[in-house]
Amino acid sequence: LVRTGEIPGPRVYSTGPGVFWQEGISDLDEARDVLRRYSDYFDTKTIKMYVAGNRQQRQWIIMAARELELMPTTEGSLNLRQNLNETIDGYPGLEHSLPVYPVYGDVVRLFAETKRVYTPTLLVSYGGPWAENWFFVTEEVHDDAKLRRFYPHEEIDALTLRRGQGWFSEEEHVFPDHACFVKDLVEAGGRAGVGSHGQLQGLGYHWELWAMQSGGLDEHDALRVATIFGAEAIGLDGDLGSIEPGKLADLVVLRENPLDDIRNTNTVRYVMKNGRLYDGDTLAEVYPRERPGPAYWWEDEEPVGVPGIEGGGQ
């Protein structure tokens, strides 16, 4: 429905379910077959190698991916040795943080020179409380007007009123320590990307970007991570990630300048997709035509037109 224009929504690029160890890949030909099946069935040019076997099997997967012109990324797996081996073997992406900090110069250089895109998903930090818990405690999430418009209210209640993971002292959080590697990597000419792990629609991406910037990354570099570096990570920088002639007309217009404060990314005034401009608060289309934003079932406080409910038969 999004692709046909029936409902407004973002472009979505998916890896499919991932290539797991259960595939039991025994040689390069089998790796070719597995990746071709995933690519064809899920109509994707990106593949996630999800800790699929030993190093030899992972090498077969990257070799097959190159032949098939696929962009593979990997799962973090809490295994530094595996993370480094994958980098040496040519995997272009890593999802989740390295399992250690601080990260020293030799590893920074390895990632920078190979241009492996590092997407640390700090909202689900390794080695300590998830960063999302810090944001749930320090931000006014429950009454966020935009979230309440686009997200069912009972779901917001469940996420915010009682946090199952509890409260953590600020010094227990590790995401600023992990974020130091992001700063060092980008300043060394390397690449990083923003991945919010699907933790909370809307706000999650902003939180992840702010967490990544907490290690000292300057605002301009943080915006590069959020835009062109992310497009490079999935091989679509020829179409997305920057405003240039010939690229898709996808962009956001902010009320406040994120170069002054990275938290100004959450001041979205307009969203443009494929040249159509939408109000950032309602998703009403304002250019080139005028159309109201979508209505959602949770916006009505009382059921209407339901037999057996007082007033429902009217």
For the range 1-117, give the magnitude of the charge dipole about the Cα centre (Cβ charges: +1 Lys/Arg, -1 Asp/Glu; no others), in debye to the nearest 20. 300 debye
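For the range 178-222, what does the relative contact order come out to in percent, with C-alpha contacts under 8 Å and a separation of six or more?
On the way: 39 pairs, mean separation 22.8, N = 45.
This gives 51 percent for the range 178-222.
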Taking the chain and dividing mean pair separation by its residue count, relative contact order in percent (alpha carbons under 8 Å, at least six apart): 11 percent
With springs only between Cα atoms under 10 Å, which of 251, 94, 68 fluctuates most in a Gaussian network model of the chain? 68
Cα-based reach from residue 146 at 26 Å (exclusive), listing lysines while leaving out same-chain residues under 8 positions away: 273
Ranked by GNM mean-square fluctuation in the chain (Cα springs under 10 Å), the top entry among 172, 132, 285 is 172
Can you report the principal axis dimensions of the range 156-251 using only the alpha carbons, biggest first, rounded to whole angstrom? 48, 32, 19
At 7 Å along the Cα-to-beta-carbon direction for both residue 187 and residue 157, put a label point, then send me their distance in nm to one decimal. 4.8 nm
Cβ-based charge dipole, the range 21-245, positive-most Cα from 53, 107, 240: 53
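In nm², what is the average projected area of the convex hull enclosing the Cα atoms of the chain?
Mean orientational projected area (the chain, Cα hull): 19.8 nm².
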To the nearest Å, what is the center-to-center distance of the range 253-299 and the range 31-61, using C-alpha atoms only? 37 Å
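Counting only helical runs of four or more DSSP H residues, what would the 222 nm mean residue ellipticity of the chain come to if each run contributes -39,500 (n - 2.57) and the total is spread over all its residues?
Result for the chain: -10000 deg cm²/dmol, rounded to the nearest 500.
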In whole angstrom, and with the biggest value first, how far do the Cα coordinates of the range 1-123 range along each principal axis? 50, 36, 24
Using 0.36 nm per residue, how much length does the chain from residue 257 to residue 54 gain when fully extended, once their Cα-Cα distance is taken away? 68.4 nm
Computed magnitude of the charge dipole of the chain (debye, nearest 20; Cβ of K, R +1, Cβ of D, E -1): 900 debye
Excluding residues on the same chain fewer than 8 positions from residue 115, give the lysines whose Cα lies under 28 Å from its Cα. 45, 48, 183, 247
Considering only 33, 237, 250, give the residue with the highest GNM mean-square fluctuation for the chain, with springs between Cα atoms whenever their separation is below 10 Å. 33
Pulled fully out, how much extra length does the chain show between residue 244 and residue 12, if you take 0.36 nm times their separation in residues and subtract their Cα-Cα distance? 81.4 nm
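May I ask you to derive the relative contact order of the range 109-194, considering only C-alpha pairs under 8 Å and at least 6 residues apart, and to give it as an integer percent? Intermediate values should be presented prior to the final figure.
On the way: 83 pairs, mean separation 45.0, N = 86.
Relative contact order of the range 109-194: 52 percent.
No value in this document is a laboratory result; all are computed from the given coordinates. Fair warning: this is a prediction, and the values are worked out from it, not measured in the lab. Every residue, glycine among them, receives a Cβ derived from its backbone with ideal geometry; neighbour counts consider all protein chains shown.
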